[in-house]
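Here is the structure we will look at, set down as structure tokens.
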Amino acid sequence: MTESKKKKSGRIKTIIVFVLAVPVLAGAGVAGGIYAARAGWIGQSGGPMATKTENTPVAAKSAPIYYSFQAPFTSNLRDSGSFVQLALSVATADRPEIAEQVKLNESALRSVVLMTVADEDAGALATTAGKQQLQAKLRSVMDQVLKTKTGQTGIDSVYFTSFVIQ
């Protein structure tokens, strides 16, 4: 072979090595990063070598318990030809007995929700603040119904899972 052919074949080999080596090394770097993140070596403050403070109590957060009303609520709105259709869920903090009481007293709760919604103004409900105020009112009136019916309160939050004004 001539010297120019040797140089060309050497360049081609070098290019092939780089084309193959770069993705392999990049893949190894990504895999190493994923392993280090899962092992807690990166991505967290401290890491495995961080010193732990002793006798630091950590409050265990319990998961909320949700109850979703099966049928949506449909009601006319005050002083307008508009109506609203909404679906609700309520949450209680780690008190399954409250969720059970909500289920058992669903008819009374549906009634008070419909009366409360019917007293709302369409313009107010079109805003985020109006919806948040309605959530607070519903939580309050639903808790009052539970207190009357069961002697217990415990609805922590009311959530709209669907909300349509027409």
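Observations on the structure shown:
- Two-site label geometry, Glu100 and Gln135: point separation in nm, points 7 Å out along Cα→Cβ: 2.8
- Gain on full stretching of the segment that runs from Ala126 to Ala26 - 0.36 nm per residue minus C-alpha separation: 30.9 nm
- Between Phe160 and Asp79, the C-beta separation translates, for a Förster distance of 22 Å, into a calculated FRET efficiency of about 0.50.
Every read-out reported here was derived from the displayed coordinates using simple, explicitly stated rules and does not represent laboratory data. Quick caveat: nothing in here was measured; it's all calculated off a predicted structure. A quick note on method: Cβ atoms are made from the backbone with ideal geometry, for glycine too, and the neighbour counts reach across all protein chains shown.
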